1. For segment 154-165, which residues satisfy the criterion of being open to solvent by 40 Å² or more (accessible area, probe 1.4 Å) and either in contact with a Leu (Cβ under 8 Å, 6 or more places away or on another chain) or in contact (Cβ under 8 Å) with a residue 12 or more places away in the chain (or both)?
2. Please go through (1) hydrophobic (A, V, I, L, M, F, W, C); (2) open to solvent by 30 Å² or more (accessible area, probe 1.4 Å); (3) outside any loop (DSSP other than H, G, I, E, B); (4) under 26 Å from Thr10 (Cα atoms) for Leu112 and return the number of the only condition it doesn't satisfy.
3. The conditions are (1) open to solvent by less than 30 Å² (accessible area, probe 1.4 Å); (2) outside any loop (DSSP other than H, G, I, E, B), and Met64 fails exactly one of them. Which is it?
4. Identify the single condition in (1) at pLDDT 95 or above; (2) open to solvent by 40 Å² or more (accessible area, probe 1.4 Å) that Arg51 does not satisfy, given that it satisfies every other one.
5. List the pairs whose first member sits in segment 86-108 and is without any contact (Cβ under 8 Å) to a residue 12 or more places away in the chain, whose second member is in a strand (DSSP E or B) and of a type in the set (A, V, I, L, M, F, W, C), and whose Cβ atoms are under 8 Å apart, counting only residues at least 6 apart or on separate chains?
6. For segment 19-40, which residues satisfy the criterion of being open to solvent by less than 70 Å² (accessible area, probe 1.4 Å) and either charged (D, E, K, R) or assigned to a loop (DSSP other than H, G, I, E, B) (or both)?
7. Scanning for something over 18 Å from Ser128 (Cα atoms) and either β-branched (Val, Ile, Thr) or crowded, with 19+ Cβ neighbours inside 10 Å (or both), does segment 2-13 turn up at least one residue?
8. Within segment 168-210, which residues are outside any helix (DSSP H, G or I) and either touching a Pro at 6+ places or on another chain (Cβ under 6 Å) or among the β-branched types (Val, Ile, Thr) (or both)?
Amino acid sequence: MDVLTRPEATPIVFVVDDDFSVRESLELLIKSQRWRAELFASAQEFLSRPRPTTPSCLILDVNMPELNGLELQKQLSDRNDMPVVFISGYADVPMSVQAMKAGAVEFLTKPLQHDVLVDAIRNAIERSRDTLRLNSEMQRLRGCYESLSQREREVMALVVSGLLNKQVGGELGISEITVKAHRGQVMRKMNADSLPELVTMAARLGLRTTPKV
């Protein structure tokens, strides 16, 4: 079941670092920007936290005992709504390349420059907010589609593939008038104002929108 997302809620900045002084310093910086801060001393502790439904990002230390930052990033690969900003005690080019290839927003070395870190967090939060908006729209779209009857889905699939009402009726063995009635229900339930808009919705849902060969 989809989780209701809240793109406009106050962003959360998660910090995962085994150094208490780093966590404490970052908490003050995050709160100074009026973001929420949640601090974790280990990757395992962070993984036990329920997935957020608000804009968020993760400030992640690379070098931690047991489960390190890169390993945690790999476990979070399906969470594209929570961008990662890596921090490290030393510059390691191969490690930073690996992190960036896996989708990290930034790879920063300690001591951290606060303005650079704030910019990185801000960019990450905007990316998170955009992703949550898209996810929310897809949830709404899937909900509309699920409200259609089986016959309405059949009519929709044929209409968006380019068939006329008469052709749809021929395919389904129903009258043109009945097709028009189902088509009207599809447009209403999908909140589509035009056929091109319905075609766009179908494409986003992964439905065939080109005529069968």
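The values are calculated or read from the model by the stated rules, or taken from the named source; none is laboratory data. Note that the coordinates shown come from a computational prediction; the quantities given were computed from them, not determined experimentally. Virtual Cβ from ideal backbone geometry, glycine too; neighbours counted across all protein chains shown. Side chains included, ligands, DNA and RNA excluded: accessible areas come from the protein's heavy atoms. Shrake-Rupley method; radii C 1.70, N 1.55, O 1.52, S 1.80 Å.
1. Matches in segment 154-165: Glu154, Ala157, Gly162, Leu163.
2. (3) is the only condition that Leu112 fails.
3. (2)
4. Of (1) at pLDDT 95 or above; (2) open to solvent by 40 Å² or more (accessible area, probe 1.4 Å), only one is false for Arg51: (1).
5. Cβ pairs passing all conditions: Ser96/Phe86; Ser96/Phe107; Met100/Phe107.
6. Asp19, Arg23, Glu27, Gln33, Trp35, Glu38
7. No, there is no match, as no residue in segment 2-13 is over 18 Å from Ser128 (Cα atoms) and either β-branched (Val, Ile, Thr) or crowded, with 19+ Cβ neighbours inside 10 Å (or both).
8. Selection gives Ile174, Thr209, Thr210.
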